[in-house]
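Some notes on the structure that comes next.
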Amino acid sequence: MRVFSLLMILLLVGGCSSDPVEPDPDPIDPEVWFDGSYDDSGLVLQRTEVFGKGGVVVTLDLVATELEYDPREQRLSAVVQVRNTSRTDLYAPADITLSNFTPDSIRPLNAISVGEDARRWRYDYSDALGDDDILSAGEESSGVLWILQLPGPGSFSFAAVARFAAQADFGVLGGHLFLDANRDGERDPSEGPGIGSVEVTYPDGRKVVVRAAESGLWSVRSDTGGIHTARWISPPTAAGILPICLTTPNPLQILMTPGPDGVPNSFRDADFGIDPEPCVLWRPMPILVSDVPVDTLESDPWTLIRLHQTGPDVPGPERLDITVGFGGCSAGHPLTFAFERPDDTAVPKTTMTATIVHDDLGELCEAYFHTTRSVELSELRRMWLDLTGQEGPRVLEMHTPQGIEVFELR
Ligand SMILES: [Ca+2]
Ligand SMILES: [Ca+2]
């Protein structure tokens, strides 16, 4: 047996002329009723009654902020959020219906009028629940602006009913973006949120891009079973920042199987690990054999940032990754790896004398870029063998505008 006493008292005291709104006698979806009042202490929404399916306690709080009264227009505006204080998730569609205003000349200006008597107004909250369309246990919705027309200054009261769907008519596809500090491809409890966005392609080819929450959690809803593709998208990288790599596969393909009611089963483990190390993309570099000392080759300015030989754990051909910095308008400047033709009198020959030839394309911008290009080592060794008749080289003597860097090749 449900008790409406508080609400009924409110209605009786208010003496309002319109019919009181009856709760659904057997609500399948959760409803939470509130008494609203406005006076010197502000706009207060007091929870009165809670109805849920199967005895599940669904409690909500309504939180009004940014309260403003415009005496000239006689308008009151407030931003109202719903806080889910229960232990159960609530789903879209969601709305809050306002009724039983006392005095009854008050009306919301930016709500949808409900019913023939036009004495009820509805604010839609379906879009205020985040990208997943779920008001999760403990979650607070984003705010919806309420604007009320008042007959004049003074206090008033009303009733508000928040309604949600008890069950989702959709599945949720989601996961975490995380900073994979130990680079093992797993999300460990100590690892914080990652950055970027996720593009989801639905089985019918539709695409949607979602940004992750501050916690790194991302999710979308899906109402169809089948293969979904989730692809991590890098945030725009600023000048001087290396591209970002992942420690987990990208994209992910997720088969969402339909449940008995046809609604796809949710999948919340589509995680993407962000590699904390600077990312090196495989960009092959042309190799030039120089017949003159490499120091005399004409080149625009550049700086050597890093030389790195890839290990056997990296897929693809073995390579020497060279990160250089330079000024200009873009990171796409031509770079050539040049080494001096070894003289055939030095036997055995183990050291390669090399440099980078940089063409700045005549760009006059003052932006600064880092870029990484790679020398395919099998190609370099083949050229060395052709020129010297020996295996090698063992040592790379890199001539840079800042000096000579000696690098031992494995
Ligand atoms: Ca949400
Ligand atoms: Ca990890």
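The values are calculated or read from the model by the stated rules, or taken from the named source; none is laboratory data. This is a predicted model, so every value here is computed, not measured. Because the Cβ atoms are built from the backbone with ideal geometry, glycine has one as well, and the counts that use them run over all protein chains shown.
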Regarding Asp127, is this residue assigned to a helix (DSSP H, G or I) and away from ligand 2 (no atom under 16 Å from the Cβ)? yes
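Give the residues of the range 98-113 that are farther than 17 Å from Trp33 by Cα and either touching a residue at least 12 places away in the same chain (Cβ under 8 Å) or in a loop (DSSP other than H, G, I, E, B) (or both), sorted by residue number.
Looking only at the range 98-113, we keep the residues that are farther than 17 Å from Trp33 by Cα, and these are 103-113.
Residues satisfying the conditions are Pro103, Asp104, Ser105, Ile106, Arg107, Pro108, Leu109, Asn110, Ala111, Ile112.
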Listed by first then second residue, the pairs whose first member lies in the range 384-410 and is within 20 Å of Thr323 (Cα to Cα), whose partner is assigned to a loop (DSSP other than H, G, I, E, B) and among the basic types (Lys, Arg), with beta carbons under 8 Å and at least 6 positions apart or on separate chains, are Glu408/Arg394; Leu409/Arg394
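Among the residues that make up the range 306-320, is at least one of them within 16 Å of ligand 1 (Cβ to nearest atom) and not aromatic (Phe, Trp, Tyr)? Show your work before the answer.
The first filter runs over the range 306-320 and keeps only residues within 16 Å of ligand 1 (Cβ to nearest atom), leaving none.
No, the range 306-320 has no match at all.
If you take the residues in the range 349-373 that are among the polar types (S, T, N, Q) and farther than 22 Å from Pro293 by Cα, which one is surrounded by the fewest Cβ atoms within 10 Å (Cβ to Cβ)? Spell out the reasoning first.
Step one: list which residues in the range 349-373 are among the polar types (S, T, N, Q), which gives 350-351, 353, 355, 371-372.
Those left that are additionally farther than 22 Å from Pro293 by Cα: 371-372.
Details: Thr371: 20, Thr372: 22.
Of everything passing the filter in the range 349-373, Thr371 is surrounded by the fewest Cβ atoms within 10 Å (Cβ to Cβ).
Okay, residues lined up against (1) assigned to a loop (DSSP other than H, G, I, E, B); (2) surrounded by fewer than 16 Cβ atoms within 10 Å (Cβ to Cβ); (3) out of contact with any strand residue (DSSP E or B) (no Cβ under 6 Å at 6 or more places or on another chain); (4) at pLDDT below 85:
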residue	(1), (2), (3), (4)
Leu7	no, no, no, yes
Val13	no, yes, yes, yes
Asp29	yes, no, no, yes
Trp33	no, no, no, no
Val50	no, no, no, yes
Glu66	no, yes, no, no
Tyr69	no, yes, no, no
Arg83	no, yes, no, no
For the range 191-207, give me the residue count where each residue is in a loop (DSSP other than H, G, I, E, B) and either within 16 Å of ligand 1 (Cβ to nearest atom) or of a type in the set (Lys, Arg) (or both). 1
Starting from the range 120-142, keep only residues that are closer than 24 Å to Ser77 by Cα and more than 8 Å from ligand 1 (Cβ to nearest atom), then list their pairs with residues that are acidic (Asp, Glu) and not in a loop (DSSP other than H, G, I, E, B) whose Cβ atoms are within a distance under 9 Å, requiring at least 6 positions of separation or different chains. Arg122/Asp95; Tyr123/Asp95; Asp124/Asp95; Tyr125/Asp95; Ser126/Asp95; Glu140/Asp61; Ser142/Asp127
Tally of residues being modelled with pLDDT under 90 and more than 16 Å from ligand 1 (Cβ to nearest atom) across the range 153-165: 2
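Taking the range 170-184, which residues are among the small types (Gly, Ala, Ser) and away from ligand 1 (no atom under 16 Å from the Cβ)? Talk me through it step by step, then tell me what you get.
Here is the first cut: in the range 170-184, the residues among the small types (Gly, Ala, Ser) are 171, 174-175, 181.
Within the range 170-184, Ala181 is the sole residue that qualifies.
To keep it simple, each residue is scored yes or no on (1) buried (at least 16 other Cβ atoms within 10 Å of the Cβ); (2) within 16 Å of ligand 1 (Cβ to nearest atom).
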{"residue": "Pro151", "(1), (2)": "no, no"}
{"residue": "Ala168", "(1), (2)": "yes, yes"}
{"residue": "Glu186", "(1), (2)": "no, no"}
{"residue": "Pro189", "(1), (2)": "no, no"}
{"residue": "Val209", "(1), (2)": "no, no"}
{"residue": "Ser219", "(1), (2)": "yes, yes"}
{"residue": "Ser222", "(1), (2)": "yes, yes"}
{"residue": "Ala230", "(1), (2)": "yes, no"}
{"residue": "Cys245", "(1), (2)": "yes, no"}
Conditions (1) in a helix (DSSP H, G or I); (2) under 16 Å from Phe337 (Cβ atoms) -> Leu385 fails only (2)
Out of all the residues in the range 144-159, is one or more away from ligand 2 (no atom under 16 Å from the Cβ) and under 27 Å from the mean Cα position of the chain (by Cα)? yes
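Going residue by residue through the range 271-284, is there one that turns out to be over 27 Å from Leu179 (Cα atoms) and either out of contact with any Asp or Glu (no Cβ under 8 Å at 6 or more places or on another chain) or free of Cβ contacts under 8 Å to residues at least 60 places away in the same chain (or both)?
No, the range 271-284 contains no residue that is over 27 Å from Leu179 (Cα atoms) and either out of contact with any Asp or Glu (no Cβ under 8 Å at 6 or more places or on another chain) or free of Cβ contacts under 8 Å to residues at least 60 places away in the same chain (or both).
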Identify, please: which residue in the range 183-196 is farther than 27 Å from Gly226 by Cα and touching a Pro at 6+ places or on another chain (Cβ under 9 Å) and is, among those, farthest from ligand 2 (Cβ to nearest atom)? Ile195
Test Asp95 against the criterion of being more than 16 Å from ligand 2 (Cβ to nearest atom), of a type in the set (Asp, Glu), part of a loop (DSSP other than H, G, I, E, B) and crowded, with 16+ Cβ neighbours inside 10 Å, and give yes or no. no
